[in-house]
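Heads up: the structure comes next, in structure tokens.
What follows draws every value from the coordinates through simple rules; no lab data is involved. Since the structure is predicted, the reported quantities are computational estimates derived from the model, not experimental observations. Glycine gets a Cβ as well: all are built from the backbone with ideal geometry, and neighbour counts include every protein chain shown.
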Amino acid sequence: MVVVMKRDATDAEIERVAEKVREVGGEAFVSRGTVHTIIGLVGDTVIFRGLDLANLPGVDHLIQIGKPYKMVARALHPQPTIVKVGPAIVGRDTFTMIAGPCAVESEEQAFAAARAAKAAGAAILRGGAFKPRTSPYSFQGLGTRGLEILAACRDETGLPVVTEVVDSGDVELVAGWADALQIGTRNMQNYELLKAVGATHKPVLLKRGFSATVEEWLMAAEYVAQRGNSEIILCERGIRTFEQATRNTLDLGGMAVAQLESHLPVVVDPSHATGRHELVAPMARAAIAAGADGVMIDVHHDPGAALCDGPQALRPEELLALTKELEALAAVLGRRIG
């Protein structure tokens, strides 16, 4: 059950609802939006019905949600949510391009990628400062130095930055540098990390786990929303199947289901989904045709020398060509590249 408060509800009225729920052994999670404040209730719904919450001062209405995820469910918020990352927006009729290096390797490499992203019309710069890798011997990122380089790239290009946080102990550090926090596929079910990023109220880009169902993905988003942060962007980045021709299997059906089940915007990462640069463009075109809210593309000025995921990175000129293709498709579909 979810309690939707009136636009002018006071803090005291919100707290009174939460107190009533706690008095009967339930939990109340408050999420303050730009229009309404909502309170997600966890506990015995039958007991909650007996509290007559609908008639408490400041309460607008109650919503009974049958899904295990409540705060991110479409039933709570019939209109799609628009998430702002700095000056950029993700959601609704805008198709958002997110681009940049998979990992920040050096100032020269990061600035080249950032400039390429800007020239191609990207609205958000992605780049990894902390890189959780399958092999402990693979490049793990530059850490704090990588954050400093990304901030310098933002200063030059004006692009807001999204970067991955891999440890709950680093959330405050990364949030101090980044405009949005990314939760990678390996950490989708790191629940303490999800709670920590939810408490920051920074926009969160949540990648689907490579073995996760759509429901598990949305439940991970629920952990973030439950802490009061509904600024969540879902990212479909491919799932593990028996197929070995691609790095993962891009699940555009799962992307569409996530949009139907949730009010959150969903973007697609064709770079990590396919692992092959020659497949990035066709899968990006498929993503916009399927109704995705954006794409996230790896770019590198010299993919052969990349320290991380070079085979899937586009060169700057390839990214520019892809943007022109997406702009043409967007025009046909009545959308705009943001």
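Could you tell me what percent of the DSSP beta bridges with both partners in segment 83-337 are antiparallel, to the nearest 5? Antiparallel: roughly 15 percent of the beta bridges in segment 83-337. Taken one residue at a time, the phi angles of segment 139-145 give Karplus couplings (6.51, -1.76, 1.60, θ = phi - 60°) of 4, 9, x, 8, x, 4, 4 Hz. Gly and Pro are set to x. Computed over the chain, relative contact order equals 18 percent, with contacts defined as Cα pairs under 8 Å that lie 6+ residues apart.
Exposed loop sites, defined as trypsin sites (Lys or Arg not before Pro) outside DSSP H, G, I, E and B with at most 15 other Cβ atoms within 10 Å, are absent from the longest region of the chain, namely 134-239.
Only DSSP H runs of four or more residues enter the estimate; each adds -39500 (n - 2.57), and after division by the residues of the chain the mean residue ellipticity at 222 nm equals -10500 deg cm²/dmol. For residue 324, list the lysines whose Cα falls under 27 Å from its own Cα; do not include residues on the same chain fewer than 8 positions away. In chain and number order, the partners are 84, 118, 207.
What shape does segment 180-220 take by its C-alpha gyration tensor, where a ≥ b ≥ c are the square roots of the eigenvalues and a/c under 1.5 counts as rounded, a/b above b/c as prolate, and the rest as oblate? Judged from the Cα gyration tensor, segment 180-220 comes out prolate (a/c at least 1.5, a/b above b/c). Using only side-chain charges placed at the Cβ, +1 for Lys and Arg and -1 for Asp and Glu, the dipole size of segment 51-193 relative to its Cα centre rounds to 520 debye. A full extension of the chain between residue 241 and residue 167 corresponds to an added length of 23.9 nm, given 0.36 nm per residue minus the alpha carbon distance. Structure remark: mean-square fluctuation, Gaussian network model of the chain, C-alpha springs under 10 Å; the largest value among 175, 114, 292 belongs to 175. Taking 0.36 nm per residue of separation and subtracting the current Cα-Cα distance, fully stretching the chain between residue 195 and residue 289 would add 30.5 nm.
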